[in-house]
Structure formats: C-alpha cells, structure tokens
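Asker: The structure's right below; bear with me while I get my questions together.
The values are calculated or read from the model by the stated rules, or taken from the named source; none is laboratory data. Small disclaimer: the values here were computed from a predicted structure and weren't measured. Note: ideal-geometry Cβ built from the backbone for every residue, glycine included; neighbour counts use all protein chains shown. For accessibility, only protein heavy atoms count, side chains too; no ligands or nucleic acids. Shrake-Rupley method; radii C 1.70, N 1.55, O 1.52, S 1.80 Å.
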Amino acid sequence: MTEEIKEQRANNFIENIIEEDLAGGFPANALRFRFPPEPNGYLHLGHASSICLNFGLGLRYNAPVNLRFDDTNPSKEEQEYVDAIRRDVQWLGFQWDKECYASDYFQELYDWAVMLIKQGKAYVDKQTSEEIAAQKGTPTVPGSDSPYRNTSPEENLALFERMKNGEFANGTYVLRAKIDMASPNMLMRDPIIYRIMNASHHRTGNKWHIYPMYDWAHGESDYLEQISHSLCTLEFLPHRELYDWFLDQVIPSPQGEEGAHSKQRGSVRPKQREFARRNLSHTIVSKRKLLQLVTEKYVAGWDDPRMPTISGLRRRGYTPESIRKFADTIGIAKRENLIDVSLLEFCVREDLNKKANRVMAVLDPVKVVITNYPEGQEEWLEAENNPEVTPMTYRKVPFSRELYIERDDFREEADKKYFRLKLGGEVRLKNAYIIKAESVVKDAEGNITEIHCSYDPDSRSGSGTEASMRKVKGTLHWVSIKHAVAAEARLYDRLFTIAEPDRQEDSFLNYINPESLKVVTAYVEPSLTTAKAGETLQFQRLGYFCIDADSKNGNLVFNKTVGLKDTWEKVKTSE
C-alpha cells in the first residue's frame, strides 16, 4: 500500500516548497508533518484530503507524521470522536509516528503565557466579547486600546492565576496578547490567548479552568513537536502573521539568546503554508451543519451512508483506495473550486470494478414461469465471480422453473431498439438459457403478475452446443424464486438536490433530496447468505452494493454504493 501511495503522489506547489527548502540546506531528516483534527465531530472528505496530503508527504519524503488532537475546547470534544478519528486514519491506510494532544502541552502553554505577561506582552481583559469586538475597529479603521491594556504585570499575573484556579465564571476574563491595535491585519489586534471554561476535559478532567485559543496552541504545539511544515487550509492564511509572532516569542534566537522560554526545544522553526479547500458538489462539510443533520434526525447518524463523513462513506461501501485516488486526482491547489461528486463516484466505481464479485439480485421483481421446464427440476449453474480477476473463480447458482426478473426488463410491446424481454422476443438469462416470452397474466387492475415463457433446453451457457452459441441481443439477470433470499436494499442517492446547498440565501435544509433513501425488498441468490458485513458486491446490471452491519441473524441488509453508470447526469439532462 505504501508503494501505491508513493506512485499516486504527483508534484504540487506544497511539494515544490519542500523541495526548495531541501535545496536551500534544510536537512531531509528534520522533515516532520502532522494532521491536527479537533475531536468535535467525525472526519469528512475534506479531512480525507488533508490526511492524504500530510501522510502522503510523509511517505514521499520518508518523514514521520504526527496525529495531533487539537483538544482545546472541552465543551465540544469527546473521546468518541478521538476513537473515530483514529479509526478513520488507519482505515485510509495510514499510520502515524506519534499520537499527540494539544492538552499534552497545557502546562507549557500556560508557562509561556505567564512569561508574556511578565514581559508586558499579554494582559487580562474583563470586557465583554461584544466590547472587545467593537474595540477592535474594522479592516479600514484602526482599533482602540482596551482600558486594561496597560495594567501592571503584577496585577495581570494575579488575575491570570485566579482564572487558572477557577475563581471566575465563564466569560468574566480573557488573556490577550499585546501586539498592535492599529495593525492592518485584524487578527494582530491584541488577540485572545486564553478564555475561562469551567468544563471537564476528556483527558485532563477538572484540572484546568482556562483553555488556550487555537492560534496560541497551534504554532506552539508545532514547535514542541518539531513540525517542519504546518499545512493548513486557505482560511488560515491571515493567521500566518500571528502564527509567526507567537513563535517569535518562544523560540530562542539564532544568536543563542534564551528567548521567552528557558529550555531549548529544537532547531526547527515550523513553517505554516496554506492550500485551498476542494468543495464537493451536492454535499456540505461544515461540522456544525453535519451535527445539525444528525441531531435533528435528517440522517440516522454520523455514519449514515448519505453523509460525507469517512465513516459514512465506509459504511456505504467506499474503499480507502477510491478515496485516496479521489484526493490524488483533485490534487492540491491555491484557489478553491467546486468538484463534481461524479468524480468521487467514478473513483469508487473504477476501484470496485476490479475487486467486487458479481452476483445476481432483483430489486423490483416480476415472476417468470418457464412453462416447458420440468416441474420440480432444478439445476446448479456455473457463474463467474469477477472477470477482472485472474485467475477466474466461479460459484454455483440455482435455476428452476419459476424465476424473478426486474419488472423494467419486460414490455408487452416495444420497438426494435428495445433489447430486453418482450412478447414474442428472446433474451438470454445470464449463465443460463435463452427464453422467449409467450404470454402474460394480469391482476384485476391490469398489472402484470406473471410472464409465461418457453426456453431452449439446448442453449445453456457454456454447454458447447450450437444452440448455446446462438446470439440474442439482450441478457438479463435473474434469481430462482425457490432459492431466492429476501433482503433489505437501501438505495442511496445524493443528500442534496443542488450543487451548493450551503451557499444559498435560505437554509441548506430546504434542499435535502427527498429521494436520497429508498428501502425496498430485494431477492438475491443464496450464495450471499455467507457474505460478511462490509463486503462489497456488484449486483449485475444494477450497481455496487455493500453489506451493512445491520445484517444480523440471517437478515441481509445491502447499501447501494453507486450505480454502474452516472445516472444523475441523465436526470439533469432530462429536466
């Protein structure tokens, strides 16, 4: 798998930056990358691209990659999410060098904050969040100093200690860095470093009552771990100046001065660089909105197969190889753009075509009676599993007098361009015989309940007879009614009806696709009774399906992964 990923990696501007650094004398053995998710939800496709970028760089340059959990907000973070993130990264085929947490560095981050206060570079502010926001000015109007900006270091230290000890309510005080209230970059206008949160942390419990802001913890954690290249999405570009300012306060100078921290941590100064998000059509990746879909029960959970989460895609039948291929195909860019979800579907379709065994299943059955086939007789016919796999393997499928075929595969009358079954017409049953439709039986409402056919007993596939070589234009899948196994089939489609549901003036919830899930009773060949949860299969002529974990005690449940062709484009064209 490692070699496969190395081969898939193509040059991009991030790699060019690294190559330039190496050419300029940066030691190759000092390269280290990280993937730093916040454990406040399940990972989605956007995270998958970042995972593939960072771990792919690690493989390309034989460099370690850390998995670091940005756990600085205990009100939203849970161990459940930590476990899910670990599982998703490993499922995608990657293994981290060190598992780290921002909470590992809470004491050092606090000590550094104390040092900034002593140096007059940080102060405690008791303005409300609204007052602070107003006091910061606008992009074209400089901010004004906080009335607490020039409080003495001694008073600030005393207040900060009391904040740490939990003596104040949430929101009473914050610690701000003292930088430049007139900076054109509003993020440099005395940003908040710490806020009070009297909440239990999933790792540190109730030890801390103050928690560092992301901008403060981010660069300092990178430095402590000696990350060489800190890769972020494009919205963090304005944060880079602040990232570097914070590092300047804690990294000893090249001249050997001790700087803000008395202990030399390492020689590597992290470099933040940004890449653009790749937005996917007909979906959303906002954690807040995904959580809303879950909590308001528009979907069945974070792993609902309609969700763009890695766990949802896995449950739907997507393979790690297909997601890595998708991430590699869309690449890394400096500008955001919208990727059609059809590309993702193409990647999984291409991968499953090479791997998934072919089986027969009928989703919308109509009964076929072969009137000249002996009553009570049955045969077990040989059928290939996957023609793409060498050496070819086979399975046995039962054949009998009464079968199911798809209702759409029969018409009483049809023109010459219709190559499926019609009255007076012939088709071949896959791996079996040629049949001819002779008559139909209808119910009181005029619905067809049975199709009566005759068969050519000498036309069995693979028998070597002249009749078996006879060509007919249509081939249908089928299942023997006597042997068929009833199963639940969940037919999934895109969760939203429009390409960009979260960029509309009204709520994204107004664009949920009412046809995103249909549940039908399917009839499948008996070989599937031994299939395991997670196994992917091709229902011949219908699409790729995955066996869901809900399959228990012989009750099979199949999730539709993707069709054999892009039918959505046809729908859009016809509208």
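Asker: Which of Ala28, Tyr455, Asn553 sits closest to the plus end of the dipole of the chain, meaning its Cα is farthest towards the positive end, when Lys and Arg get +1 and Asp and Glu get -1 on the C-beta?
Answerer: Working it through, the farthest residue towards the positive pole turns out to be Tyr455.
Asker: Scan the range 390-481 for trypsin sites (Lys or Arg not before Pro) in coil per DSSP, keeping those whose Cβ has at most 15 other Cβ atoms within 10 Å, and list them by number. Please list the in-between numbers first.
Answerer: On the way: sites: Arg395, Lys396, Arg401, Arg407, Arg411, Lys416, Lys417, Arg420, Lys422, Arg428, Lys430, Lys436, Lys442, Arg460, Arg470, Lys471, Lys473; in loops: Arg401, Lys416, Lys417, Arg420, Lys430, Arg460, Arg470, Lys471, Lys473.
Hits after loop and neighbour filter: Lys416, Lys417, Arg470, Lys471, Lys473.
Asker: Which shape class, rounded, prolate or oblate, goes with the range 338-384 when its Cα gyration tensor gives a ≥ b ≥ c as root eigenvalues, a/c under 1.5 marks rounded, and past that a/b bigger than b/c marks prolate?
Answerer: Details: a/c = 6.71, a/b = 2.46, b/c = 2.73.
Taking the square roots of the gyration eigenvalues as a ≥ b ≥ c, the range 338-384 is oblate.
Asker: Another question about this same structure. For the chain, what is the mean residue ellipticity at 222 nm derived from helices alone (per DSSP H run of n ≥ 4: -39500 (n - 2.57); sum divided by total residues; nearest 500 deg cm²/dmol)?
Answerer: About -8000 deg cm²/dmol.
Asker: Towards the positive end of the charge dipole of the chain, with charges on Cβ (+1 Lys, Arg; -1 Asp, Glu), say which of Cys347, Trp380, Tyr61 has the farthest Cα.
Answerer: Most positive-ward Cα: Trp380.
Asker: Of the peptides 553-564, 207-218, how do they stack up when ordered by the mean number of other Cβ atoms within 10 Å, highest first?
Answerer: Highest to lowest by the protection proxy: 207-218, 553-564.
Asker: While we're here: Let a ≥ b ≥ c be the square roots of the eigenvalues of the Cα gyration tensor of the range 468-508; is it rounded (a/c under 1.5), or, if not, prolate (a/b larger than b/c) or oblate?
Answerer: Values: a/c = 9.52, a/b = 2.27, b/c = 4.20.
Oblate, because a/c is 1.5 or more while a/b does not exceed b/c.
Asker: If packing is taken as the mean number of other Cβ atoms within 10 Å per residue, what is the order of 492-502, 334-344, highest first?
Answerer: Listed from highest to lowest mean packing, they are 492-502, 334-344.
Asker: Cα gyration tensor of the range 341-451, axes a ≥ b ≥ c as square roots of the eigenvalues: rounded (a/c below 1.5), prolate (a/b > b/c) or oblate? Working shown, then result.
Answerer: On the way: a/c = 2.37, a/b = 1.45, b/c = 1.63.
Oblate, because a/c is 1.5 or more while a/b does not exceed b/c.
Asker: If you don't mind, there's one more thing I want to ask. Determine the alpha carbon to alpha carbon distance for each of Lys482/Lys532; Lys297/Lys532; Lys178/Lys207; Lys98/Lys532 and list only those over 31 Å.
Answerer: Lys98/Lys532
Asker: Taking amide hydrogens as modeled 1.01 Å from N in the peptide plane, which residues meet the under 5 Å criterion relative to Gly543, leaving out close sequence neighbours?
Answerer: Leu564
Asker: Let me ask something additional. Suppose every Lys and Arg Cβ carries +1 and every Asp and Glu Cβ carries -1, with no other charges. What dipole size does the range 117-168 come out with about its Cα centre, to the nearest 20 debye?
Answerer: 180 debye
Asker: Residues of the range 394-491: accessible area per residue at 1.4 Å, in Å²?
Answerer: Here the residues of the range 394-491 average 52 Å² of exposed surface.
Asker: So how tilted is helix 153-164 from the main axis of the chain? Cα-based, degrees 0 to 90, rounded to 10.
Answerer: That works out to roughly 30 degrees.
Asker: Right, something else. Ranked highest first by the average count of other Cβ atoms within 10 Å around their residues, in what order do 93-100, 479-486 fall?
Answerer: In descending order of packing, they fall as 479-486, 93-100.
Asker: Using a probe of 1.4 angstrom, how much of the accessible area of the chain is carbon and sulfur, in percent?
Answerer: Roughly 48 percent of what the probe reaches on the chain is carbon or sulfur.
Asker: Sequence gap at least 6, Cα distance under 8 Å: using those rules, report the relative contact order of the range 358-452 to the nearest whole percent. Walk me through the numbers before you get to the answer.
Answerer: Working: 155 pairs, mean separation 26.3, N = 95.
Contact order relative to length: 28 percent.
Asker: Can you list which of the GluC sites (Glu not before Pro) found in the range 424-533 are DSSP loop residues with at most 15 other C-beta atoms within 10 Å?
Answerer: Details: sites: Glu426, Glu438, Glu445, Glu450, Glu466, Glu488, Glu505, Glu515; in loops: Glu445, Glu466, Glu505, Glu515.
Those that pass, being in a loop and sparsely packed, are Glu445, Glu466, Glu505, Glu515.
Asker: To continue, here is another question. In degrees between 0 and 90, to the nearest 10, how far off the longest principal axis of the chain does helix 79-91 point, with axes built from Cα atoms?
Answerer: Helix 79-91 sits at roughly 60 degrees to that axis.
Asker: Which angle between 0 and 90 degrees, to the nearest 10, do you get for helix 45-60 versus the longest principal axis of the chain when only C-alpha atoms count?
Answerer: Helix 45-60 sits roughly 80 degrees off the main axis of the chain.
Asker: Using the heavy atoms of the protein chains alone and a 1.4 angstrom probe, what is the accessible area of the range 160-296 per residue in square angstrom?
Answerer: Accessible area per residue: 41 Å².
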